[in-house]
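Here's the structure, in structure tokens; my notes come after.
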Amino acid sequence: MSRIQNVTRKHGTYYYRRLIRLGGDKPFRIRFSLRTTCRKRAGQLAPALTLICERIAMDMIANRGRDDLTAEQRAEIFRRQVLIERDRLAVMHAQLHILPVEDHEDTEKALALRLDAGELAAMDGAIRGKIEDFLVTHIDPEAADEPIVVMAWSDLAASIEHEGTEDAAVARLADIGVEQSKLRAAMAGKVVNQARIQAIREFRDALTTPGAAYPPVPITGYQPSSPAQPATPMNHPAPQPVTTGPFALMTPTEAVEKFFAHNPRTGGVDGTARRKGGDPWTEKTREQFKLPALLLEQVMDGRPLATVTHDDLVQLNDCFAKLHGPSFRKSPTHRTMTIHEIVEETEARVREGEKAIVRSAKSKDEAGPPKIPAGALTRDQLGLGLSTTNRHWGFLRQLTTWFAKHQPLGALDYSAFVENDHRDARGQRDAYTEEQGRMLFSLPPWTGSKSLARRMQPGNLLVHSAWYFVPMIGWYTGMRREEICGLMLDDIGEVDGDWQFNVRTTQIRRLKTSTSARRLPFAGELVRLGLPDYVRALRDAGEVMLFPELQAESGKGTMGDRYYKTIWTKIAAALPFLRAGQATHSFRHTVIDSMKAAGIPAEVRADFAGHKLSSETEGRYSKAHMELLRNAAKAIPEVTRHLHPFPAQLLPAGMRAPCGARSPKKRA
């Protein structure tokens, strides 16, 4: 009689036993009674419990770090919000001073009404976690003939520009660089309301003791002006922040290096600093953080960051609007040019395009749209994308907010430049149809190429590599481009006779979110077309990565970006049906849409795609089963049935070396 895995029997009763390991931590044992003496029943329960344990262990590994805010983070949110509330209260009070003359006698009452209501609302938010609308009244007991003032809090909050708790919490989390979650947003909202209470009480104290609102004013060397010589009115320039100390002369790029040194989560000065339980920023994120600071420095003509003004930000924003996003800083030449030089070059390309349109309009023989020369542009092609500019402004705000703690800065209003993206996320990427999928996999990389250097020309050469498998894995799993390209051979294996991907964070790449960690089954076509054989052949060759040819010797950039630039752009050029928004990410939409059309439950679709589940019940108590995922994979259209499998054929060893170590002649 065969033994039931993870099950023992004692005194006729079956028990479930399992050893759980979470990384390098000490393993712990699970042991409990199955409360049955029936072997068949125990055989049914054991596999289900094993799957549950595996899922829980995966979730625990993916969410090792606590999803709350540390004491330091709460303190920083409190400090920032108090500063914001102090400014808001000062502006609100000043606005009451400039009311029409007949209303001046009510200024004191209006101020008291707003302060009392604001404190009550903040206390509601801090204690109950939400602020429901309520009526605000003001009664003067000493003036019986005075009317009773009754207002709704929602109307009063709008009149004093009171930012909603949720919006303020999200903004403060973004300010301190913490990823948003439900728990963090709730904790930040509580701190925001506590800060509002503190600011209102400080404001009341400052009304009775004005000196409490300001630092001591030195009077040494004070010389009163002579009454015989009245001062002549002058237009004084706006006061500039004092520029003294070690930060006073730092340029924006120098400030970035100091920021890295002061913030271990960024990886430190050289990008290698690590904290226990955390990962540093990737090199890509660090480069993205450096770029807007470099561009700002070029706009400021090398001036210190301490002298930055809102006008400098306006000038930088104007430059963003005059650039061509797809080509900006993509060439080595661009990286040696300033933003002003690139703007001038772009303007020259636009003028060339405009001349071509004029020539086309004068020619009556030509039919159809005007022909634009290669490299020329039109006005409607200018401007960086919304997500790109928002990222630039977000990083600059993070840099200047940190810098202002060490060196005073002038007022910078980033809200003037950051825009909300109201586009429907479902419409930003078009899914591929079955017909388009068959067209894709009928190209030479799958049916036969001329040579390794001419992969898009028809021939008899078939090779297993990133050219062959990345789009195929994308089609049959819906994994993200970076998840596919960064797969290690250890992320792939057989479990109970079935091949699986283990999507997890590795030393090569991180995942987009904690819910991205998941296990996915091989679709039948991946097995039929030789992915397991390719994995075995790579292991026998001593490789570590599934696609070693995508690695960069310098360590800069991501493997997904390299795949896109060196392979996908060539494939995309041969697909006439491609529209704006269709790329490798559209495979995810194809997978999700196919499963939805087949009636696959939303929970299973979310498990497959690595999406956050829509409710706490689904997320906390989900019992995703690999068999359910395998059934879900069957809903994906099989668009590669026309392809014939062939024995594992690897790239030559020299072409599997990291980029930079190869001879240009060997690059495919």
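The values are calculated or read from the model by the stated rules, or taken from the named source; none is laboratory data. None of these values were measured; they are calculated from a predicted model. Heads up, the Cβs are rebuilt from the backbone with ideal geometry, glycines too, and the neighbour counts pull from every protein chain shown. All accessible areas refer to the heavy atoms of the entire protein, side chains included, with ligands and DNA or RNA removed. Shrake-Rupley method; radii C 1.70, N 1.55, O 1.52, S 1.80 Å.
Data overview
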| quantity | calculated |
| --- | --- |
| In order through the stretch 391-408: 3J(HN,Hα) via Karplus (6.51 cos²θ - 1.76 cosθ + 1.60), integer Hz, x for Gly, Pro | 5, 4, 5, x, 5, 5, 5, 4, 5, 6, 5, 5, 4, 5, 5, 10, 8, x |
| Segment residue 204-residue 53, extension gain: residue separation times 0.36 nm, minus the distance between their alpha carbons | 48.7 nm |
| Amide H contacts of residue 545 (H built 1.01 Å from N, under 5 Å, at least 5 apart or other chain) | 489 |
| Segment residue 447-residue 583, length gained on full extension (0.36 nm per residue, minus Cα span) | 46.9 nm |
| Solvent-accessible area per residue, Å², over the stretch 433-588 with all protein chains present [probe radius 1.4 Å] | 40 |
| Set 284/330; 109/190; 330/570 screened for pairs whose C-alpha atoms are more than 21 Å apart | 109/190 |
| Hz values of 3J(HN,Hα) by residue in the stretch 569-574 - Karplus curve (6.51, -1.76, 1.60), Gly and Pro given as x | 4, 6, 5, 4, 5, 9 |
| Residue 72-residue 653 pseudo-label distance in nm [points 7 Å out on the Cα-to-Cβ vector] | 4.8 |
| Sequence ranges 378-384, 562-568, ranked by mean other-Cβ count within 10 angstrom, highest first | 562-568, 378-384 |
